[in-house]
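Structure record follows, encoded as structure tokens.
Any read-out appearing in this document is the output of simple, stated calculations on the displayed coordinates, not a laboratory observation. What you are looking at is a predicted structure, and each value in this text was computed from that prediction instead of being measured. Note that each Cβ is placed from the backbone with ideal geometry, even for glycine, and that neighbours are counted across all protein chains shown.
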Amino acid sequence: MPIPLEELEQVVGRPFPGGSYTIEPYRHWLMTDAVGGPATSTGEASAMEVYYGALAGMGMTVDGLFALVGASAADGPMFGEAEIEQRRPLQIGATYRVSGAITSVQRKHGRRAGVFDIVEFRLELTDERGEHVATSTNSFIFPRRD
Amino acid sequence: MHVEPGTELPPLRIESVPAEAMKTVAALLHDPTPIHWDVESVRALGMGDRPVNQGPNNMAYVVNMLTTWAGSPGRIRRLRVRFLGNVFAGDSVTARGVVTGVREEDGERLADLDVWLERSAEDRVLDGTATVAIDA
């Protein structure tokens, strides 16, 4: 049985543990290379680092996030939407603080898909001076098979 | 750079989405979802017999297109995408974008765009909107 909706709704607004994320030069090179971009290890970071940094620094694993909403990777969770906003370019080698929370949950009933939940969460990145430099807002879709 | 509504961005084409890159990304992102590297798990979910590309990889192709057009990563002010379908290892996909408006905000010239990633003109796997800073 899927997690009861009332239980799921209790995670909305609860802050993630949070943490920090450093854009390691070698890691930036490997990631940009893997997605076909110019592989770089100095200067401005790819805007995708907003997304990568938010997830890496939120203080729990992706598996942990799935468990929080009563799901696992084996359920075949899918991405719904993703949004990145940059107030300042992220810099390779810099460290950012990450904080955020689940912002909404919705239970849907699809004729073909059956029951599924859409879980949205928002994470903010602040630089070493405490300035909010970027935001990542994402949603996952969790199929709820019986 | 002359930019106006209707301006099309140079497309970015990925001839064949590589399965090996999915393994690299899974390791770097600590992504435990097995459909990105384990064909058996893809089959078990009835999703075919090729690894499924990570959604963020599909987003990254659009980011790469925008970055090349804008001139630097930091010029991307905002990007919002919907994931419409899966991309599989070996697929050919193309990132595209078209300017929908140009405006000034806080002394900065911004272009708003529709963006998408397609297998073909009739088969979009991701779409969304973006705002990019452009030269005055």
Other chains near A:71-83: what is the mean number of their Cβ atoms within 10 Å of each residue's Cβ? 6
Contact order relative to length of chain B, as percent, for alpha carbon pairs under 8 angstrom and 6 or more apart: 30 percent
Rounded to the nearest 500 deg cm²/dmol, what is the calculated helix-only ellipticity per residue at 222 nm for chain A, with -39500 (n - 2.57) per DSSP H run of length n ≥ 4? -6000 deg cm²/dmol
Computed Kirkwood radius, in angstrom, where 1/r is averaged over Cα pairs of the stretch A:5-143: 15.8 Å
Between B:ARG109 and A:ALA39, what is the FRET efficiency for a Förster distance of 35 Å, r being their Cβ-Cβ separation, to the nearest 0.05? 0.75
If I model a spin label as a point 7 Å beyond the Cα along the Cα-Cβ vector, how far apart are those points for B:ASP135 and B:GLU15 in nm? 3.1 nm
Would you tell me the mean number of C-beta atoms belonging to other protein chains that fall within 10 Å of each C-beta in A:41-49, as a whole number? 5
Once you charge only the Cβ atoms, +1 for Lys and Arg and -1 for Asp and Glu, what is the size of the charge dipole of the stretch B:1-122 about its Cα centre, to the nearest 20 debye? 100 debye
Dipole of the stretch A:5-143, positive direction: furthest Cα of A:GLY70, A:VAL115, A:THR32, with charges on the beta-carbon: A:VAL115
With +1 on each Lys and Arg Cβ and -1 on each Asp and Glu Cβ, and nothing else charged, work out how big the dipole of chain A is about its Cα centre, in Debye to the nearest 20. 300 debye
Surrounding net charge for A:LEU125, when Lys and Arg each add one and Asp and Glu each subtract one, Cβ distance under 13 Å: -1
Nitroxide proxy distance, nm - points 7 Å out along Cα→Cβ at B:HIS30 and A:ILE118: 2.9 nm
How many partner chain Cβ atoms sit within 10 Å of a residue's Cβ in peptide B:32-38, on average, as a whole number? 4
With an 8 Å Cα cut-off and a minimum separation of 6 or more residues, compute the relative contact order for the stretch A:1-129 in percent. 34 percent
From DSSP H assignment alone, runs of 4+ in chain B each adding -39500 (n - 2.57), the sum over residues rounded to the nearest 500 puts [θ] at 222 nm at -7500 deg cm²/dmol
